[in-house]
Amino acid sequence: MGSINQQFYAFFITVTGGFMIGALFDLYRIIRGLTRPNKFFTDLGDLIFPIISGGILYVFLLLRNYGEVRAYVFLGLCLGFYIYRWLLSPFIIRRFVGLKNCIRRLSGKFKLIVIKLFIL
């Protein structure tokens, strides 16, 4: 067990890890929303996501916290995840939905221009 400064640093690192997992989860949600996979691929993605995020957390904790798992590690991970979900997730999701709608409108206009060019 290290000094209080080392433990605070380790807690901060776990909060950062939870924040990163929240961002990864939003990325997964956005990709799944854009591709609209069938039930099999949705289930497969739902199975693969925790494996990938668990692997990332394992490496993260091994490099930053020397693999020590204490109560504050779980607290920090949950806190970071929920801070991200509360503060940034709605903003990020709205921006990606807006970007998707903008791309959809532009592609529709582009198709219309191409059709008009070939008809004339």
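The values are calculated or read from the model by the stated rules, or taken from the named source; none is laboratory data. Model, not experiment: these values are computed from the prediction. Glycine gets a Cβ as well: all are built from the backbone with ideal geometry, and neighbour counts include every protein chain shown. Each accessible area value is taken on the protein alone, full model and side chains, heavy atoms only, with ligands, DNA and RNA left out. Shrake-Rupley method; radii C 1.70, N 1.55, O 1.52, S 1.80 Å.
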Exercise. With every protein chain present, what accessible area does Val114 have (1.4 Å probe, heavy atoms only), rounded to the nearest 10 Å²?
Worked result: 50 Å²
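Relative contact order for the chain using alpha-carbon pairs under 8 Å, separation at least 6, rounded to a whole percent? Intermediate values should be presented prior to the final figure.
Working: 66 pairs, mean separation 54.7, N = 120.
Here the relative contact order equals 46 percent.
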Exercise. Expressed as a rounded percentage, what relative contact order does segment 17-85 have, with Cα pairs under 8 Å and six or more residues apart?
Worked result: 70 percent
Problem set entry | Karplus-derived HN-Hα couplings along segment 84-95 (A = 6.51, B = -1.76, C = 1.60, θ = phi - 60°), whole Hz, x at Gly and Pro | 4, 4, 7, 8, 9, 4, x, 5, 5, 4, 4, 5
Problem set entry | Label-to-label distance, nm, for residues given as Ile103 and Ser3 (7 Å Cα→Cβ offset) | 4.9 nm
Seminar exercise, completed: Nearest-0.05 FRET efficiency for Leu112 and Leu44 at R0 = 25 Å, using Cβ-Cβ distance, is 0.10
Exercise. How far, in nm, would the chain grow between Leu87 and Ala71 when pulled straight, counting 0.36 nm per residue and subtracting the alpha carbon separation?
Worked result: 3.3 nm
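For segment 46-92, rounded, prolate or oblate, judged on the Cα gyration tensor with a ≥ b ≥ c (square roots of eigenvalues), a/c < 1.5 rounded, else prolate if a/b > b/c?
Values: a/c = 2.39, a/b = 1.36, b/c = 1.75.
Oblate shape, in that a/c is at least 1.5 and b/c is the bigger or equal ratio.
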Problem set entry | Whole-percent carbon and sulfur share, accessible surface of segment 66-118, 1.4 Å | 74 percent
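Give the ranking of Phe25, Phe74 by solvent-accessible surface, highest area first, calculated with a 1.4 Å probe.
Details: Phe25 60, Phe74 125 Å².
If we order Phe25, Phe74 from most to least accessible, we get Phe74, Phe25.
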Seminar exercise, completed: Applied in sequence order to segment 68-82, the curve 6.51 cos²θ - 1.76 cosθ + 1.60 (Karplus, θ = phi - 60°) yields integer Hz couplings, x standing for Gly and Pro, of 6, 10, 10, 4, 5, 5, 5, 4, x, 4, 5, 4, x, 4, 6
Problem set entry | Under the Debye formula (equal points on every Cα, no solvent term), log10 I(q)/I(0) of segment 2-120 at q = 0.14, 0.23 Å⁻¹ | -0.73, -1.22
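Determine one quarter of the surface area of the Cα convex hull of segment 1-63, which equals its mean projected area, and express it in nm² to one decimal. Could the numbers behind the result be given before it?
Working: hull surface 18.4 nm².
That works out to 4.6 nm², a quarter of the Cα hull's surface.
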Seminar exercise, completed: Under a 1.4 Å probe, counting only protein heavy atoms, Arg94 has an accessible area in Å², nearest 10, of 140 Å²
